Structures are given as structure tokens and as C-alpha cells.
1. Go through (1) of a type outside the set (K, R); (2) at positive phi; (3) at pLDDT below 90 for D101 and report which single condition fails.
2. Just one of (1) surrounded by 13 or more Cβ atoms within 10 Å (Cβ to Cβ); (2) touching a residue at least 24 places away in the same chain (Cβ under 8 Å); (3) in contact with a helix residue (DSSP H, G or I) (Cβ under 9 Å, 6 or more places away or on another chain) trips up R52, so point out which.
3. Can you confirm whether the stretch 79-91 contains a residue that is touching a His at 6+ places or on another chain (Cβ under 9 Å) and either surrounded by 12 or more Cβ atoms within 10 Å (Cβ to Cβ) or not basic (K, R) (or both)?
4. Output the residue which, of all residues in the stretch 133-148 that are among the polar types (S, T, N, Q) and surrounded by fewer than 17 Cβ atoms within 10 Å (Cβ to Cβ), is modelled with the highest pLDDT.
5. So for the stretch 176-194 (the condition being within 30 Å of D107 (Cα to Cα) and modelled with pLDDT of 90 or more), does at least one residue qualify?
6. Mind telling me which of the residues A223, A233, A228, A260 ends up being at pLDDT below 50, more than 16 Å from L207 (Cα to Cα) and in the same structural domain as L188 (by TED's automatic domain parsing)?
Amino acid sequence: MLLPAQHHLQLKAYDKAKVESAVLQVERQVMAPLRNRTFFSIAEANAAYRERLALLNARPFEKMTGSRLSLFENLDRPALRPLPARPYEFALWKRARVNIDYHVQVDYAFYSVPYQLARSEVEVRLSQGTLEIFHGGKRVASHRRTQARGEFVTAAEHMPASHRRHLEWTPSRLVSWGESVGPQTGALVAGILERRPHPEQGYRSCLGLMRLARDYSPERLEAAAGRAVTAGAYSFKAVKNILSRGLEKVTVPEQEPEGALVLFHEHLRGSDYYREEAL
């Protein structure tokens, strides 16, 4: 049923009877005539209701000129505006604080914002498939919304330059670099990546090995990598400890005597452990 929008916006408490009268007209003129009909689909029922509703809207008023349809054409249609380009989407709003790693935790997942906003308070808009983050009334990030618990959704442009450099490398490129030093180094890099739940978690260790390649000769790095692989110590710290202690030069017997002191293990800390930044 058509109700003029301009009149609807001006409804007061004493207009309640008019609204109830309009509902009564729909019940009597649209619903009641169809009460004994059987419909076999929603589309069929809707078509019948539209037909009855069109008759009701076109019926002349008893105490004034025109009809509901003519009032709509003269008052409402000229005031109508186009529908929004996008349909309405329900969304929730939350407040959150950015962690020092420039990520916001929302529903057990983590979403990045520009790193300059670390420790800032932001507003988060959650829709079915999108998560938007606002700061000072301005949108600073937009991500796909994930349902995976503990997942990090990170945009490269939000990272500091030092972090973005990690993205320039892929697992295959890292392994190729290791193999360019030697087969043992290549095996070590591949082992580091394979032993992490996600290969990206091993990037820092692999980039650390590259830094070692600037301080030590390829021969020493390859020997240290071989020693680490033999010991099952797939980590940057293991290779660094071997090189700093010169253990890559120590001959490893094919079979250690029972009860012999193990000279190296990935969990043993060298004297310089606490003076170095852990990678």
C-alpha cells in the first residue's frame, strides 16, 4: 500500500489511528479476498497480492479528490532519489587498541594498520566479508575478514621498510640462495622452512644466514651448515654458534662413543648468546 512519504515523516501520536486504518484497508481489500485461494509458490502469491494492491491504490478517495496512487505520483515520486549504488550491509562497530606490532586483534585474528599508529586507539567496522579500521574519522585500513583463528592479515604498505624487505624473498628464492653457497647450506635453508608451521616464520633465520655470509667465507658457512644439518639443528642461532666457536673445523666421528660429551646442540647457548639479538 502506498503511503505518502511527506505525510509519513510528519506523523504524530494522534495519527496512530490513520495508520491502523490503512492496515485495516489492506487486510480487507487485499488479504481477505485471497484467503480461500491456494498458491503453489511464493512468486504466485506475490503476483496475486500485487494485483489486489494495485486496485486498492488506484481506488478514488471517498472524502477527497484523487487516490493513493495519484498522491504518490504528485508528492512522493518527484522527491525520490536514486537508490544507493551498494545495497545496505549490516555492520558492527568496535573500539580497539593497536599493538606494538601494528596489528589490531579482532575476534581472535590480527589485522594490520600503518605502523605509525602502533599503540593508538582505533575504531573497527565489521561487515560479513570486510573489516575496516578508522582513526580520527579517517579510514586507514581495509581487509578481507578472516574466520581463521590466530591468522595475521597484513598489508605490505603498512610495514616498516625493514619488514617489507622480507617480502622480496620467497621460499624457492631462499633455497636457491642457500644452494648457491653449497648443498649443505641449501639443505639447511630448506629444513628451516619445512620445520615451521608457515614458511614465512623461517624467513628471519634465513636472512640471518645471509648476513653470516657477509662475515664468513662460503667454505666456513657451508661447513657450519653441514654440521648443523648433521646435528638436526635447523636454525640461525645454531649456525652462528658453530661459526663463533669454530666448531665447523672439528671433525665429527661417524659414531659418538656412548656417554661422550656432545660439543654442540641447537639448544646449547654460547657465551655470546645474551649479547646478540635473538633471531
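1. Of the numbered conditions (1) of a type outside the set (K, R); (2) at positive phi; (3) at pLDDT below 90, the odd one out for D101 is (2).
2. Checking R52 against (1) surrounded by 13 or more Cβ atoms within 10 Å (Cβ to Cβ); (2) touching a residue at least 24 places away in the same chain (Cβ under 8 Å); (3) in contact with a helix residue (DSSP H, G or I) (Cβ under 9 Å, 6 or more places away or on another chain), the one that fails is (2).
3. Applying the first criterion (touching a His at 6+ places or on another chain (Cβ under 9 Å)) to the stretch 79-91 yields none.
No: zero hits.
4. Just the residues of the stretch 133-148 that are among the polar types (S, T, N, Q), to begin with: 142, 146-147.
Applying the additional criterion that residues be surrounded by fewer than 17 Cβ atoms within 10 Å (Cβ to Cβ) yields 142, 147.
Numbers: S142: 97, Q147: 91.
The residue in question is S142.
5. Step one: of the stretch 176-194, the residues within 30 Å of D107 (Cα to Cα) are 193-194.
Retained after the next criterion (residues that are modelled with pLDDT of 90 or more): none.
Taking every residue of the stretch 176-194 in turn, none turns out to be within 30 Å of D107 (Cα to Cα) and modelled with pLDDT of 90 or more.
6. Details: A223 fails: at pLDDT below 50; A233 fails: at pLDDT below 50; A228 fails: at pLDDT below 50.
Going through A223, A233, A228, A260 in turn, just one is at pLDDT below 50, more than 16 Å from L207 (Cα to Cα) and in the same structural domain as L188 (by TED's automatic domain parsing): A260.
The values are calculated or read from the model by the stated rules, or taken from the named source; none is laboratory data. All values derive from a computational prediction rather than experimental measurement. Counting neighbours? That spans all protein chains shown, and the Cβs are built from the backbone with ideal geometry, glycine included.
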